[in-house]
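**Q** I am attaching a structure below and will ask some questions about it afterwards.
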Amino acid sequence: MDKFIIDGGKRLCGSVRLQSAKNSVLPLFAASILTDKQVTIRAVPKITDVFCMAQILRELGAEVHFCGEDAVIDSSDACSHEISSALTKELRSSVFMLGSLLTRFGRALIAYPGGCDIGLRPIDLHLSALKRLGVNIRERDGYVLCECGKLKGAEIVLDFPSVGATENILLAAVKAEGRTVLQGAAKEPEIVDLQNFLNAMGAKVRGAGTDVVVIEGVKSLGGVEWEPVKDRIEAGTFLIACAVCGGETEVVGVRAENVRFLLHKLRENGCKIGVKNDRIRIESRGRLHSNRRIETMPFPGFPTDLQAQATVLNATCEGCALIVENLFETRFKYVPELQKMGADVEVRGRNAFVRGVKRLHGATVTAGDLRGGAALVVAALGAEGTSEVLDLSHIDRGYADFREKLKELGADIRRVRT
Ligand code: EPZ
């Protein structure tokens, strides 16, 4: 198991080239088995969630090769419709393979993904939507078995704008008979990326990015070469790191509207924000003001994947802040680790009350999940003294070259094997 050793207090100055969005690349890998032609996905981040998704495709019989930054996928020989429990537990988001497998094979068998460190993460919305498309579903001994004759287009309403359920519906409806109208769709930029990717394969999807998406079923889909949208959560993580540490940092490749709510909050803290095309520049000097209130919401609201990082930022601001986590039940598990660094945070259910202190101090902390782990790194970068962040396997799931990019900005961070 590796750990980071971080000497805090260094200002972060420079430019960060963003990775392709983890939460776009994963559904694009799932979509690649909708055709038996070759699919190339460019600038794929070297993160363990991507390697796990590649393994899932290989277990289905597809060939996946990494050539430099690109992933080349050929699923012409794919023949299995089953995903093992080991892989489903490893990668919860494999659940949106259901839509692809049903379109490709008319059947899908996956282990029930179960909960994880941030919440229960049920899949009821996925399953009820698939039933609307004519899928028979049986759940037994922790497995979900889905079967369908021909998928048929339908009117679907999502009670909650679930990202994964929206993606599953696109993947299941794209070759269904007739039209599917999805109301209450998630509006994340990664859904728009998936729509554009599918349309480049010959699909007929429109409306992604709004809450009504219309899919006209087509007979077949061709191959595609695609560069995914950049990672807005990685961008937000680096912008918040610079706000915490002080300095001037620029993130390159992200559209401002994909992080609009975060930029509004950072300005509220007293940071100077400049936007030019796909470059966002932040300047942070002196002690910042607290945000007073941040509520995580589905896009375009404040992203839950930046909640931990925003709590860290408010932990050293002037004033108090209420952080409300509306999407996941237990997404404050990183707080006890943050308290070891001197943070004054009190968690009650979905609320965290943060009283800003002048400075955090170094400590040895353990990452428990992907975004909580990244937030602990941000806290250590701004803290006085030396910190150790243990169990980097969580961070490696979603941040490629995290240490290298921080080091280039001036951070004093080393990765050592324990
Ligand atoms: C996606 O997860 C992202 N993962 C998550 O990012 C992100 O936090 C989340 O969307 C919300 O934006 C990927 O894209 C791979 P949801 P997903 O379905 O699809 C409830 C990260 O750190 N729900 O929008 O699983 C669910 O319990 C990860 O990169 C149901 O109740 O999220 C949660 O409370 C973490 N029933 C809420 O909806 C369902 O059938 C949001 O879930 C499905 C979801």
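The values are calculated or read from the model by the stated rules, or taken from the named source; none is laboratory data. Here the structure is a predicted model, which is why all the values come from computation and not from measurement. We place every Cβ from the backbone using ideal geometry, glycine too, and count neighbours over all the protein chains shown. The area values use the complete protein model at the heavy-atom level, side chains included, leaving out ligands, DNA and RNA. Shrake-Rupley method; radii C 1.70, N 1.55, O 1.52, S 1.80 Å.
**Q** Restricting to the stretch 140-162, and then to whatever is open to solvent by 50 Å² or more (accessible area, probe 1.4 Å) and within 13 Å of the ligand (Cβ to nearest atom), can you tell me which residue is nearest to the chain's Cα centre (by Cα)?
**A** Looking only at the stretch 140-162, we keep the residues that are open to solvent by 50 Å² or more (accessible area, probe 1.4 Å), and these are 140-141, 143, 147, 149-150, 152, 155, 157, 159-160.
Then drop every residue that is not within 13 Å of the ligand (Cβ to nearest atom), which leaves 159-160.
Numbers: Asp159: 21, Phe160: 18 Å.
Here the answer is Phe160.
**Q** Before we move on, is Leu221 crowded, with 20+ Cβ neighbours inside 10 Å, modelled with pLDDT of 95 or more, among the hydrophobic types (A, V, I, L, M, F, W, C) and within 16 Å of the ligand (Cβ to nearest atom)?
**A** On the way: crowded, with 20+ Cβ neighbours inside 10 Å: yes; modelled with pLDDT of 95 or more: yes; among the hydrophobic types (A, V, I, L, M, F, W, C): yes; within 16 Å of the ligand (Cβ to nearest atom): no.
Here the answer is no, as Leu221 does not meet what is asked.
**Q** Now a separate question. Quick one: in the stretch 40-75, which of the residues that are at positive phi and in contact with an Asp or Glu (Cβ under 8 Å, 6 or more places away or on another chain) is surrounded by the fewest Cβ atoms within 10 Å (Cβ to Cβ)?
**A** Looking only at the stretch 40-75, we keep the residues that are at positive phi, and these are 43, 61, 68.
Pick out the ones that are also in contact with an Asp or Glu (Cβ under 8 Å, 6 or more places away or on another chain) and you get 43, 61.
Values: Ala43: 18, Gly61: 14.
Out of the qualifying residues, it is Gly61.
**Q** Can you pull out the helices (runs of 4 or more DSSP H) entirely within the stretch 1-112 that have at least 1 residues that are among the aromatic types (Phe, Trp, Tyr)?
**A** Values: elements: 22-31, 48-59, 85-90, 97-105.
Counting at least 1 such residues, we get 22-31, 48-59, 97-105.
**Q** Another question, if that's okay. Within the stretch 106-125, identify whether any single residue is away from the ligand (no atom under 13 Å from the Cβ), in contact (Cβ under 8 Å) with a residue 40 or more places away in the chain and within 27 Å of Val213 (Cα to Cα), and answer yes or no.
**A** Within the stretch 106-125, the first condition is being away from the ligand (no atom under 13 Å from the Cβ), and the residues that meet it are 106-111.
Remaining after also requiring in contact (Cβ under 8 Å) with a residue 40 or more places away in the chain: 106-107.
Next, only the ones that are within 27 Å of Val213 (Cα to Cα) stay: 106-107.
Taking every residue of the stretch 106-125 in turn, at least one turns out to be away from the ligand (no atom under 13 Å from the Cβ), in contact (Cβ under 8 Å) with a residue 40 or more places away in the chain and within 27 Å of Val213 (Cα to Cα).
**Q** Is it the case that Pro45 is in contact with a Leu (Cβ under 6 Å, 6 or more places away or on another chain), within 16 Å of the ligand (Cβ to nearest atom) and touching a residue at least 12 places away in the same chain (Cβ under 8 Å)? Before the answer, list the steps.
**A** Working: in contact with a Leu (Cβ under 6 Å, 6 or more places away or on another chain): no; within 16 Å of the ligand (Cβ to nearest atom): yes; touching a residue at least 12 places away in the same chain (Cβ under 8 Å): yes.
No: the conditions fail for Pro45.
**Q** How many residues, within the stretch 403-413, are farther than 14 Å from Glu248 by Cα and open to solvent by 10 Å² or more (accessible area, probe 1.4 Å)? So that I can check it myself, show each step before the final result.
**A** First, the residues of the stretch 403-413 that are farther than 14 Å from Glu248 by Cα: 403-405, 407, 412-413.
The next check asks that each one be open to solvent by 10 Å² or more (accessible area, probe 1.4 Å); those that pass are 403-405, 407, 412.
So the answer is 5.
**Q** Name the residues in the stretch 259-299 that are within 16 Å of the ligand (Cβ to nearest atom) and either open to solvent by 70 Å² or more (accessible area, probe 1.4 Å) or at pLDDT below 95 (or both), would you? Full working, then the answer.
**A** Filtering the stretch 259-299 for residues within 16 Å of the ligand (Cβ to nearest atom) gives 259-262, 294-299.
Within the stretch 259-299, Arg260, Phe261, Met297 qualify.
Residue by residue, here is whether (1) open to solvent by less than 10 Å² (accessible area, probe 1.4 Å); (2) farther than 23 Å from Leu322 by Cβ; (3) within 15 Å of the ligand (Cβ to nearest atom) holds:
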site	(1), (2), (3)
Gly362	no, yes, no
Ala367	yes, yes, yes
Ser387	yes, yes, no
Asp396	no, yes, yes
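**Q** Restricting to the stretch 300-321, name every residue that is open to solvent by 10 Å² or more (accessible area, probe 1.4 Å) and either assigned by TED's automatic domain parsing to the domain that holds Ser162 or away from the ligand (no atom under 11 Å from the Cβ) (or both). Outline the logic, then answer.
**A** Initial filter on the stretch 300-321 (open to solvent by 10 Å² or more (accessible area, probe 1.4 Å)): 300-301, 303-305, 316, 318-320.
Those that are open to solvent by 10 Å² or more (accessible area, probe 1.4 Å) and either assigned by TED's automatic domain parsing to the domain that holds Ser162 or away from the ligand (no atom under 11 Å from the Cβ) (or both): Pro300, Thr316, Glu318, Gly319, Cys320.
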